[in-house]
Structures are given as structure tokens and as C-alpha cells.
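J.: Please see the structure below; I have some questions.
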Amino acid sequence: MTEITGIVFDKDGTLFDFAATWEAWASAFVMRIAGGDPAKATEIGSVIGFDMQQRTFAPDSLVIASTAGEVGAALHPFCPHLSIEELMVELNDEAETAPQAQAVPLDPLLRGFRTQGLRLGVATNDAEKPARAHLEQAGISGLFDFIAGYDSGFGGKPAPGQLLAFAAQTGLEPAQILMVGDSTHDLKAGRAAGMVPVGVLTGLASKDDLAPFAEVVLPDIGHLPAWLAAQA
């Protein structure tokens, strides 16, 4: 494999454990949208692939496979008193406050990559504002050269726009960049950008789901240093 000079990370399910971060938050948020009505909450949950009884996301949930804007559009019919713009503000504002469960201790891992001279980025289908808030909460936003959400002007995954923007901003060759993510959308975006796609299992996808699209599938991003060392 060619020398790696940069890494782009997905956020939810990659830097942060997806289930530990979002399932309790989603249960409370859906119930608020439903006005406390359990039957309506169940209906709303089914639209976005969230089981209110089990408090779990389906592996093919809209929340995993789509941008925050697409999730907002799916929820909007249940919030007729809000415009889509108002709903997105509410959704993003509430998402900002969701406690983030780090997939591994992020600060030492990312500082280790920086010490090695690697350029780092985040490409998420979340909106940029809550994404930056989550990275700030974890104390790691300053370790990234590039942070983009679906609304940052480069599109969302599986299109490669965010990844190509990272390469352009850092001056790196796409073939020398890892795209690390927990979903097939992440890995397909990496392939489309000409990067090296690496899957991790801290989202809801299985190894079998990710393997056809990945150079390697690792348990979590904490295994990246050893894997990179083995490729040298």
C-alpha cells in the first residue's frame, strides 16, 4: 500500500460509538415530537428506522443511511406547526447536546497521528454545527485540519465531495488518504474519491456488510496504528 499521509474520519459510529451515543437520545427526542403519545412515537420511530420499544436503530435506519436534512424531511410531516427550516434548527440544536460516547480515547489517538505528520479530517452526514459541537465537547476539534457536514457545501456521502475537498484543502493525493467509517456510505464515498476505505465496527453494520467495500475492517479506530504499522 502507498504511504498514508492523511485520514478522514466519519463521526457517528466511528469517532463516537453510535448505539451508546444516539439510541437513548433518539427515544427521548421522538417522544417529544410525538407530544408524549406512545402510539404516535412508535409510528414516528418506524419512519426513521427506530424501534421505540427496544430503543434501537435498525441497521438500515434512515438515520444511518442518510443526511440530517433527509431525516428532518422524513420527520417534518409529524411537525406541521414547524417549517422544515425551523424543524432542522430544533433537530440540530438538540443533537448538539447529545452526550457523545467516544469509541476509544480520542485525544491520545489523534495526537499520535498528528505527531506522525498525518493530516486529519472529519466528513459526516450530520450538519456541521452539531458536528463541531460534538468534537468540541470531546476536546478534539483543534486536531482536525478539515471538518465538513452534509450542509458545508460539498454534499453528503456516499458522494465523494467532502473527501475530495479534504484532499484539495490539504494538498494530499487521494490515494494516500484513509477514509475510515462504519457504514457502506462511508466506504463507497472513499472508493469514489480514490481513497483507501477502512471499516470499523462501532456502528451498526457488521463485518460482512462492510468487507466488500473496505480494504480492511477493524474493531474500532484504536486498531488503526497497528494496522498502519503493519502496512509499512
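The values are calculated or read from the model by the stated rules, or taken from the named source; none is laboratory data. Worth saying up front: this structure is predicted, and the values here are computed from it rather than measured. Every residue, glycine as well, gets a Cβ built from its backbone with ideal geometry; the counts of neighbours run over all protein chains shown. Protein only, heavy atoms only, side chains kept; ligands, DNA and RNA dropped before computing areas. Shrake-Rupley method; radii C 1.70, N 1.55, O 1.52, S 1.80 Å.
J.: Just give me the residues in segment 37-49 being buried (at least 17 other Cβ atoms within 10 Å of the Cβ) and either at negative phi or of a type in the set (D, E, K, R) (or both), in sequence order.
T.: Residues satisfying the conditions are ALA41, ILE44, GLY45, ILE48.
J.: When you go through LEU109, LEU15 one by one, which is the residue that is buried (at least 17 other Cβ atoms within 10 Å of the Cβ), within 27 Å of THR184 (Cβ to Cβ), more than 17 Å from the chain's Cα centre (by Cα) and of a type in the set (A, V, I, L, M)?
T.: LEU109
J.: Listed residues MET31, MET52; which is open to solvent by 60 Å² or more (accessible area, probe 1.4 Å) and not small (Gly, Ala, Ser)?
T.: Going through MET31, MET52 in turn, just one is open to solvent by 60 Å² or more (accessible area, probe 1.4 Å) and not small (Gly, Ala, Ser): MET31.
J.: Hey, another quick one. Looking at segment 201-232, which of the residues that are of a type in the set (A, V, I, L, M, F, W, C) and not in a helix (DSSP H, G or I) is surrounded by the fewest Cβ atoms within 10 Å (Cβ to Cβ)?
T.: ALA232
J.: Quick check on my filter: what residues within segment 152-185 are more than 19 Å from GLY69 (Cβ to Cβ) and in a loop (DSSP other than H, G, I, E, B)?
T.: The answer is GLY171, LEU172, GLU173, ASP182.
J.: Let me ask another. Please give the helices (runs of 4 or more DSSP H) falling wholly within segment 1-118 in which 2 or more residues are of a type in the set (S, T, N, Q) and in contact (Cβ under 8 Å) with a residue 12 or more places away in the chain.
T.: The qualifying helices (runs of 4 or more DSSP H) are 18-33.
J.: Separate question: Select from segment 163-220 the residues that are touching a helix residue (DSSP H, G or I) at 6+ places or on another chain (Cβ under 7 Å) and aromatic (Phe, Trp, Tyr) and list them in ascending order.
T.: PHE213
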